[in-house]
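Report on one structure; see the data block that follows.
The values are calculated or read from the model by the stated rules, or taken from the named source; none is laboratory data. Predicted model, so just to flag it, every value in this text is computed and none were measured. Reconstructed Cβ throughout: ideal geometry from the backbone, glycine too, with neighbour counts over all protein chains shown. What goes into the accessible areas is simple: the full protein's heavy atoms, side chains included, and nothing from ligands, DNA or RNA. Shrake-Rupley method; radii C 1.70, N 1.55, O 1.52, S 1.80 Å.
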Amino acid sequence: MIDRQKLYEGKAKVLFATDDPHVLIQYFKDDATAFNGVKKGAIHDKGVINNRITERLMTILEAVGIPVHFLERISEREQKIRRVDIVPVELVVRNRVAGSMAKRLGREEGEILPRPVVEFYYKSDPLDDPLITLDHIAVFGWASAAEVAWIQQTALRINDVLRGYFASIGIHLVDYKLEFGRLSEDPRKLVLADEISPDTCRLWDMKTGKKLDKDRFRRDLGEVSEAYHEVAFRMGLFTTSS
Ligand code: TMP
């Protein structure tokens, strides 16, 4: 491997510098954590699969005019991305009740929401990413009103595209997390950043309801790597499902 300067190591990915100050390399690990790092493990081939799935989904979104940080995949586990300053607000878009929404509001997992719901979380490991309101974002200056409006609108466009795409391969897109960043070369421009993968989405098989995402790891359901492979296989990224 070429000697690269490591800029940041997160729970599932590592960021490296390149010769271009505005371009980074995003490396996908097999490491998996849940409950803010309390549960630790590894999912065989996860890095390879999430690199490919993120590449495909980012490319689909870019093709419909959504600006993304993704530039190109350069190896099995690496992709070139545009350097951004991450907005410290994570969005969760939900089409059905699941996970923390089911718990917080005492509702059944699987309930179909009459329209997509967008939630905001403050990106802070020490605070365990607390749920926040639009007023918190404004009052603490995490993003401007114009940025929030754009991010919210873009998240709903992304939902239309991804929900339709996953439906076409027999998968319900239940919910997912998005992050946005300001381009280092022009901070007025926001782009979709991070990754979109079974780590960051809930994906349920339409016929059987089988979970094809990280909940298999979080909840010790078994066949974790197989589920990630199944998603990639249906996306046409690999020729066999395991
Ligand atoms: P939640 O129901 O636990 O709030 O999760 C909502 C969605 O966000 C789910 O698809 C998993 C994803 N997610 C992440 O990508 N990272 C996280 O740290 C958490 C808590 C959830």
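Results, tabulated for the structure shown:
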{"read-out": "Qualifying residues in the range 131-158 (those that are away from the ligand (no atom under 16 Å from the Cβ) and not in a helix (DSSP H, G or I)) - the one surrounded by the most Cβ atoms within 10 Å (Cβ to Cβ)", "value": "A143"}
{"read-out": "Residue within the range 36-47 that is touching a residue at least 24 places away in the same chain (Cβ under 8 Å), under 15 Å from the mean Cα position of the chain (by Cα) and farther than 27 Å from E147 by Cβ present", "value": "yes"}
{"read-out": "Evaluation of L24 against (1) open to solvent by less than 20 Å² (accessible area, probe 1.4 Å); (2) more than 14 Å from the ligand (Cβ to nearest atom); (3) in contact with a Gly (Cβ under 7 Å, 6 or more places away or on another chain) (one fails), failing number", "value": "(3)"}
{"read-out": "Hits in the range 159-187 - residues which are open to solvent by less than 10 Å² (accessible area, probe 1.4 Å), away from the ligand (no atom under 11 Å from the Cβ) and either within 19 Å of I112 (Cβ to Cβ) or part of a loop (DSSP other than H, G, I, E, B) (or both)", "value": "N159, L162, F166, I171"}
{"read-out": "Test: residue in the range 88-111 that is over 15 Å from the mean Cα position of the chain (by Cα), open to solvent by less than 10 Å² (accessible area, probe 1.4 Å), within 16 Å of the ligand (Cβ to nearest atom) and of a type in the set (G, A, S)", "value": "yes"}
{"read-out": "Qualifying residue in the range 192-201 (condition: free of Cβ contacts under 8 Å to residues at least 40 places away in the same chain, within 16 Å of the chain's Cα centre (by Cα) and part of a strand (DSSP E or B))", "value": "yes"}
{"read-out": "Pick from the range 48-59, criterion open to solvent by 40 Å² or more (accessible area, probe 1.4 Å) and touching a residue at least 60 places away in the same chain (Cβ under 8 Å), ranking: farthest from E223 (Cα to Cα)", "value": "R56"}
{"read-out": "One residue from T59, T33 being modelled with pLDDT of 95 or more, assigned to a helix (DSSP H, G or I) and among the β-branched types (V, I, T)", "value": "T59"}
{"read-out": "The one condition in (1) aliphatic (A, V, I, L, M); (2) surrounded by fewer than 18 Cβ atoms within 10 Å (Cβ to Cβ); (3) more than 16 Å from the ligand (Cβ to nearest atom) that V118 fails to fulfil", "value": "(3)"}
{"read-out": "Single condition D194 does not satisfy, out of (1) surrounded by fewer than 17 Cβ atoms within 10 Å (Cβ to Cβ); (2) acidic (D, E); (3) on the phi > 0 side of the Ramachandran plot", "value": "(1)"}
{"read-out": "Pick from the range 188-226, criterion under 30 Å from A145 (Cα atoms) and of a type in the set (D, E, K, R), ranking: farthest from the ligand (Cβ to nearest atom)", "value": "R188"}
{"read-out": "Conditions (1) part of a strand (DSSP E or B); (2) under 23 Å from K11 (Cβ atoms); (3) not polar (S, T, N, Q); number of the one not met by K103", "value": "(1)"}
